[in-house]
Amino acid sequence: MKLSILIPAYNEEKSISQVMQEIKSLNLSSCGVNEKEIILIDDGSNDKTVEKATSVIPSTRVIRHVKNQGKGAALISGIAHVTGDAIIIQDADLEYSPSLYPCLLRPLIEENRDIVYGSRFLANPHPDGMKMSYFFANRFGNFLTNILCGTTLTDCMTCFKVFKKSSLQGIVLESRGFGIEPELTAKLSKKGLKIKEVPIPYKARTFKEGKKFKRIYSLDVLWAIIKYSLLSEFR
């Protein structure tokens, strides 16, 4: 199986080298992966994110946005260039470690699952470092998604998502910002696909460390939950 690793990045020069080094050191043959394709979507960075990433893995395919457009826009650009059998979304910071790929990939191989989410709340009901405002926003968004989509997820907002490329067939993604997370969940579930969750360790980073999600972005996420959950068709 060929694994495509999508890395949306915006000014992540402080952490990208370590992320890439962890990816480089991974041996995923036990998970059925015999080839890795790394696609870095540079979403208008004005630092050395690209240079540092490619210095670790020169074969990295780089897609550039002239201006910052948002995480959703970056993922849409990246998905259009995927050639792998499975796709994993890897944030360019250190909140989600590539060392967790095996536990995310095994259900695809051993259980023939189409989609796997890494849940921050299965192992720890209140993840380390997550501020109360973000905690309650996550819980409310997850509750609303479950009600509107008929799912039973514990962490639909997780950034750690793995899915077979075939599961995206017929789905057109639209969200330019962080609304891409609930849009993916809504459209995949409306397609009739079941989402498997596995517990992952997680420690939230601070804005000083480069966190990008601001409270105002919660409005975009809330609108995406309502908009895409209530659509009559998954497209």
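The DSSP beta bridges internal to the chain are antiparallel in roughly 20% of cases.
In a DSSP loop and with at most 10 other Cβ atoms within 10 Å, the chymotrypsin sites (Phe, Trp or Tyr not before Pro) in the stretch 110-214 are PHE207. Each Lys or Arg adds one and each Asp or Glu subtracts one; over the other residues with Cβ under 11 Å from the Cβ of ILE225, this totals -2. Only helical runs count toward this figure. For the chain, summing -39,500 (n - 2.57) over DSSP H runs of n ≥ 4 and dividing by all residues gives -10500 deg cm²/dmol at 222 nm.
Check each of the trypsin sites (Lys or Arg not before Pro) in the stretch 90-192 and keep only those in coil by DSSP with at most 14 other C-beta atoms within 10 angstrom; list them in order. Numbers along the way, then the final one.
Details: sites: ARG113, ARG120, LYS131, ARG139, LYS161, LYS164, LYS165, ARG176, LYS187, LYS190, LYS191; in loops: ARG113, LYS131, ARG176, LYS191.
Within the stretch 90-192, the qualifying trypsin sites (Lys or Arg not before Pro) (loop, at most 14 other Cβ atoms within 10 Å) are LYS131.
How big is the gap, in Å, between the Cα center of the stretch 1-46 and the Cα center of the stretch 135-173? Answer, in whole Å: 22. The alpha carbons of the stretch 61-173 give a radius of gyration and a Dmax of 15.2, 41 Å, in that order.
What does the charge add up to near HIS126, with Lys and Arg as +1, Asp and Glu as -1, over the other residues with Cβ less than 11 Å from its Cβ?
Details: positive: ARG120, LYS131, ARG139; negative: ASP128.
Within the 11 Å Cβ shell, the charges total +2.
Coordinate-derived values only; no laboratory data. Note that this is a predicted model, so its numbers are computed, not measured. Cβ: placed from backbone, ideal geometry, glycine included. Neighbour counts: every protein chain shown.
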